[in-house]
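Participant: Got a structure for you, written out below as structure tokens; questions coming shortly.
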Amino acid sequence: MRSADRGRTRWGIILPFLALPVVVLGVLIVGLFFLAYSPDDGTRAGAAATVPCTEALAFGAAEAPRHARVRDCTVQRGIDTSYSAVLRMPREDVRGWLRETYPDAPEPRTGGGACTALCLDLTHENGLPGTAEAHVVQVRVEHENAETALVRFSAFTM
């Protein structure tokens with residue numbers, strides 16, 4: 001061994017192998033910090049977010065009926081997308097709105113099971129228009145009183 005090499009270690013070879021885990025750990029810590037403090041719109045974990053009701057209805061190729069009060073419009077995003085809306089409208093207008101909105105759909109079924117007054121389930125195979133982004137539309141109608149119907153509209157992908 002030469003006298004100039006005496007007392008030297010092989011840090012020049014070992015140092016890169018020691019630095020790599022430190023760099024990887026540092027990147028992970030910084031990434032977790034940014035994830036924890038990033039702005040969250042509430043839909044990351046599948047939570048419902050409020051959306052304009054026109055957007056919720058349009059996802060299922062529908063528009064709000066003229067005399068309806070539309071509220072509680074939400075979207076949930078994850079693997080699939082699901083929009084929902086709640087409408088209150090005159091009972092006498094419900095069937096006409098459904099026929100106008102979904103002209104190729106079968107007649108809504110009445111009563112039985114979870115269906116209290118009227119129910120309509122649509123896919124692209126049985127009357128859902130091709131313009132709908134949703135794969136399925138479900139409409140559930142309850143009669144609140146002699147004049148008013150509560151309509152629960154949902155449109156989602158599968």
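Participant: I'd like the residue in the range 119-158 that is in contact with a Leu (Cβ under 6 Å, 6 or more places away or on another chain) and acidic (Asp, Glu) and, out of all such residues, is nearest to Glu100 (Cα to Cα).
Facilitator: Glu142
Participant: Sticking with this structure for a sec: Is it the case that some residue within the range 146-153 is outside any strand (DSSP E or B) and surrounded by 19 or more Cβ atoms within 10 Å (Cβ to Cβ)? Talk me through it step by step, then tell me what you get.
Facilitator: Here is the first cut: in the range 146-153, the ones outside any strand (DSSP E or B) are 146-147.
Those left that are additionally surrounded by 19 or more Cβ atoms within 10 Å (Cβ to Cβ): none.
Looking for residues that are outside any strand (DSSP E or B) and surrounded by 19 or more Cβ atoms within 10 Å (Cβ to Cβ), one finds none in the range 146-153, hence no.
Participant: Moving on to the next point. Of the residues Ala117, Ala105, Ala146, only one is aliphatic (A, V, I, L, M), touching an Asp or Glu at 6+ places or on another chain (Cβ under 7 Å) and modelled with pLDDT under 95; which?
Facilitator: Ala117
Participant: Given the options Glu125, Glu55, Glu92, name the one that is assigned to a loop (DSSP other than H, G, I, E, B) and open to solvent by 20 Å² or more (accessible area, probe 1.4 Å).
Facilitator: Working: Glu55 fails: assigned to a loop (DSSP other than H, G, I, E, B); Glu92 fails: assigned to a loop (DSSP other than H, G, I, E, B).
That would be Glu125, the only listed residue that is assigned to a loop (DSSP other than H, G, I, E, B) and open to solvent by 20 Å² or more (accessible area, probe 1.4 Å).
Participant: Condition test on Glu133, is it touching a Phe, Trp or Tyr at 6+ places or on another chain (Cβ under 7 Å) and exposed (fewer than 14 other Cβ atoms within 10 Å of the Cβ)?
Facilitator: yes
Participant: Could you look through the range 10-52, keep only residues that are within 30 Å of Arg99 (Cα to Cα), of a type outside the set (Val, Ile, Thr) and open to solvent by 40 Å² or more (accessible area, probe 1.4 Å), and pick out the one that is modelled with the lowest pLDDT?
Facilitator: In this case the residue turns out to be Ala48.
The values are calculated or read from the model by the stated rules, or taken from the named source; none is laboratory data. What you are looking at is a predicted structure, and each value in this text was computed from that prediction instead of being measured. Note that we place each Cβ from the backbone using ideal geometry, even for glycine, and neighbour counts take in every protein chain shown. Surface areas here come from the heavy atoms of the whole protein model, side chains and all, with no ligands, DNA or RNA. Shrake-Rupley method; radii C 1.70, N 1.55, O 1.52, S 1.80 Å.
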